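Below is one structure, written out as structure tokens; comments come after it.
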Amino acid sequence: MKFILASMLTIPFALCFTSPSQASDWGCEVLLCAASSNPSWQDVASCRPPMEKLIAAMKRPGFSWPICQGAGTGKPGYERYAECPEGWQPIAGDSVGDEASGKLPQCMRRQTTCRPGYRSSRYSGSRTMASDDGVTRVFSDGRSCASTEFIQRPLRRDPYYFDMKEDISGQLTRFWFNLRK
């Protein structure tokens, strides 16, 4: 992996550092540090200054992401939420992308929970049950064993990413990172 990363980044970063622009050099430092995964940039002494400078700059009005011209990556992408666990489907809260209302994206799955010897309840309306494990179960009919389960969609540990193209094969590789100090 280190060899692939080194070969993939050598030519673009060589181009970055030949540029006279200081902002471009900083953009290339940020890109190189963000792509560091083992160890992450937080554990690389030379990465702390450019990344801490970035974090501080992001708090200022008019912030513009430093770009590494020769790498062709531009600004990073951002995906706040991780994939749902296996067997679960991603859904939004009450409306797609409406996080301002407090309705965060969730994961959903349909379950059948009937056990041998099940006897239906006399209750005939829908009901919702919350459990200690963070799962909310909605039964559309009190006599049914079928339910729809919901959990909060997990947050990504590393929500930012750069997609970098390998020079030889042209294949894109995604590098995930975070901006926690």
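So which residues in the range 170-181 are over 17 Å from Cys33 (Cα atoms) and outside any strand (DSSP E or B), if there are any at all?
Passing the criteria: Gly170, Gln171.
Within the range 41-75, track down each residue that is in contact (Cβ under 8 Å) with a residue 12 or more places away in the chain, within 18 Å of Asp163 (Cβ to Cβ) and surrounded by fewer than 20 Cβ atoms within 10 Å (Cβ to Cβ).
If the condition is that a residue be in contact (Cβ under 8 Å) with a residue 12 or more places away in the chain, within 18 Å of Asp163 (Cβ to Cβ) and surrounded by fewer than 20 Cβ atoms within 10 Å (Cβ to Cβ), then Trp65, Gln69, Gly70, Gly72 are the ones that fit.
Just to verify a result, which residue in the range 145-160, among those that are surrounded by 15 or more Cβ atoms within 10 Å (Cβ to Cβ) and assigned to a loop (DSSP other than H, G, I, E, B), is modelled with the lowest pLDDT?
Restricting to residues being surrounded by 15 or more Cβ atoms within 10 Å (Cβ to Cβ) and assigned to a loop (DSSP other than H, G, I, E, B), the top hit is Arg153.
Could you say which residue among Asp133, Asp163, Asp94, Asp167 is at pLDDT below 75 and either in a helix (DSSP H, G or I) or of a type in the set (Asp, Glu) (or both)?
Asp94 is the lone residue from the list that is at pLDDT below 75 and either in a helix (DSSP H, G or I) or of a type in the set (Asp, Glu) (or both).
Could you tell me whether any residue of the range 106-118 is in a loop (DSSP other than H, G, I, E, B), within 30 Å of Ser40 (Cα to Cα), at pLDDT 85 or above and not assigned by TED's automatic domain parsing to the domain that holds Pro50?
Scanning the range 106-118, I find no residue that is in a loop (DSSP other than H, G, I, E, B), within 30 Å of Ser40 (Cα to Cα), at pLDDT 85 or above and not assigned by TED's automatic domain parsing to the domain that holds Pro50, so the answer is no.
Between a residue in the range 123-151 that is under 10 Å from Arg110 (Cα atoms) and any residue that is aliphatic (A, V, I, L, M) and modelled with pLDDT under 75, which pairs come within a Cβ distance under 6 Å, given they are 6 or more apart or on different chains?
Arg137/Met129
Give the residues of the range 8-24 that are surrounded by 18 or more Cβ atoms within 10 Å (Cβ to Cβ) and at pLDDT 55 or above, sorted by residue number.
Ser24 - this is the single residue of the range 8-24 that is surrounded by 18 or more Cβ atoms within 10 Å (Cβ to Cβ) and at pLDDT 55 or above.
The values are calculated or read from the model by the stated rules, or taken from the named source; none is laboratory data. None of the values given here were measured: they were computed from a predicted structure. Methodologically, a virtual Cβ is constructed for each residue, glycine included, from the backbone with ideal geometry; neighbour enumeration extends over all protein chains shown.
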